[in-house]
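Any read-out appearing in this document is the output of simple, stated calculations on the displayed coordinates, not a laboratory observation. Since we're looking at a predicted model, the values are computed, not measured. Ideal geometry is used to build each Cβ from the backbone, glycine not excepted, and the neighbour counts take in all protein chains shown.
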Amino acid sequence: MQTRKLIFAALAGSLLAFGCNRAESPKEVQEDVAEQTSEAREDVATSQTPGQTMENEYDLAITEAEGKHQVAMESCEAMSGTEQEACKARADEELAAAKQRAESLKPQ
C-alpha cells in the first residue's frame, strides 16, 4: 500500500509540474476513476480481517478514506481551471475530515 501512495504522490507531483489544471477527456477520467475505484476496493478488502481490533478498524477507515480521496481526485480531472482546483480542495477537506473521524477508532 505504501508503494501505491508513493506512486500516486509521484504522479500528483508530475501533474503539478506539467499543467495540472487541464481537463482530461471524459474517457480518460472514466478509466482513471474505474482504476482508482478498483484499487480502493482491493485495498479495503485486504484491510478487513475477521475479529477486527480497534486498530484494524482505524486502519480500515483510513484505507477507505484514502481510496475515496483518490477516486474524487481522479473525478476532478474532468474539470479545468479554478473549478478543478476547488474540486480537489473539497476532496482534500473530505479526506482530512474522514481521517479526523477515524481518530476516534484509534486505540488509546
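Data overview
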quantity: Cβ-defined net charge surrounding Glu77, 10 Å radius [Lys, Arg +1; Asp, Glu -1]; calculated: -2
quantity: From phi via Karplus (6.51, -1.76, 1.60), per-residue ³J(HN,Hα) for the stretch 62-67 in Hz, x at Gly/Pro; calculated: 5, 4, 4, 5, 5, x
quantity: FRET efficiency, Val44 to Gln108 (Cβ-Cβ, R0 22 Å, nearest 0.05); calculated: 0.35
quantity: Cross-link reach list, aspartates and glutamates versus Lys106, counting only Cα pairs under 13 Å and skipping chain neighbours closer than eight places; calculated: Glu55, Glu57, Asp59
